[in-house]
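Worksheet: one structure, shown below.
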Amino acid sequence: MAAVRYLVQDVPAAIAFYTEHLGFTLQQQFGPAMAILARDDLTLWLAGPMASAAKPMPDGRQPVPGGWGRFVLEVQDLPALVAKLRAAGVVFRNDILAGPGGRQILAEDPSGNCVELFEPGT
């Protein structure tokens with residue numbers, strides 16, 4: 001099984017976002033430095049500023065949250081989920097887009113990391 005690591009600014013806030021809004025469960029927490037969450041076959045590692053993953057690279061670059069890399073969560077009734085998440089204050093980068101395989105939208109966690117919510121077409 002593969003794991004995805006996201007850098008986050010605040011591990012407890014990220015845990016709350018993923019467990020309360022996206023159906024993840026907390027598997028393990030290492031204080032404010034890191035947490036491991038799971039949803040179906042996806043394991044998500046949340047690394048805060050105190051985690052080793054946040055240390056500067058040899059060339060001086062500093063790992064930071066955000067960007068456009070993302071994992072995809074397949075959902076049903078995307079418009080209803082988006083309405084519920086918007087009401088809870090979740091930030092989206094775009095509106096629902098339709099493509100050849102279905103519909104999608106990009107949500108942001110509290111640190112600005114991207115999560116794609118995808119509803120397959122029928």
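Summary of computed values
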| item | result |
| --- | --- |
| Search result, residues across the range 21-40 that are of a type in the set (A, V, I, L, M) and either within 11 Å of D10 (Cα to Cα) or more than 17 Å from the chain's Cα centre (by Cα) (or both) | A33, M34, A35 |
| The range 41-92, subset charged (D, E, K, R) and loosely packed, with under 14 Cβ neighbours inside 10 Å, residue farthest from the chain's Cα centre (by Cα) | D59 |
| Filter result for P65 (closer than 18 Å to F92 by Cβ and free of Cβ contacts under 8 Å to residues at least 60 places away in the same chain) | yes |
| Residue among I36, I105 that alone is under 15 Å from Y6 (Cβ atoms), modelled with pLDDT of 95 or more and surrounded by 15 or more Cβ atoms within 10 Å (Cβ to Cβ) | I36 |
| Criterion (modelled with pLDDT of 95 or more and charged (D, E, K, R)) met by exactly one of D41, D77 | D77 |
| Test: residue in the range 7-17 that is closer than 22 Å to E119 by Cα, surrounded by 10 or more Cβ atoms within 10 Å (Cβ to Cβ) and at pLDDT 95 or above | yes |
| So L106, is it within 16 Å of H21 (Cα to Cα), without any contact (Cβ under 8 Å) to a residue 60 or more places away in the chain and in contact with a Cys (Cβ under 9 Å, 6 or more places away or on another chain) | yes |
| Residue count for the range 40-54, restricted to those that are in a strand (DSSP E or B) and not small (G, A, S) | 5 |
| Criterion violated by P65 - all others in (1) of a type outside the set (D, E, K, R); (2) farther than 18 Å from E116 by Cβ; (3) assigned to a loop (DSSP other than H, G, I, E, B) satisfied | (2) |
| Residue within the range 17-39 that is part of a strand (DSSP E or B), over 21 Å from G121 (Cα atoms) and in contact with a Lys or Arg (Cβ under 6 Å, 6 or more places away or on another chain) present | no |
| Answer from F92, F30 - the residue that is aromatic (F, W, Y) and farther than 14 Å from A107 by Cβ | F30 |
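Residues are listed down the side, and each one gets a yes or a no for (1) in contact (Cβ under 8 Å) with a residue 60 or more places away in the chain; (2) part of a helix (DSSP H, G or I); (3) over 29 Å from Q28 (Cα atoms):
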| site | (1), (2), (3) |
| --- | --- |
| P56 | no, no, no |
| R61 | no, no, no |
| V72 | no, no, no |
| K84 | no, yes, no |
| D95 | no, no, yes |
| G112 | no, no, no |
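The values are calculated or read from the model by the stated rules, or taken from the named source; none is laboratory data. All values reported here derive from a predicted model rather than from experimental measurement. When we count neighbours, we look across all protein chains shown, and the Cβ atoms used for this are built from the backbone with ideal geometry, even at glycine.
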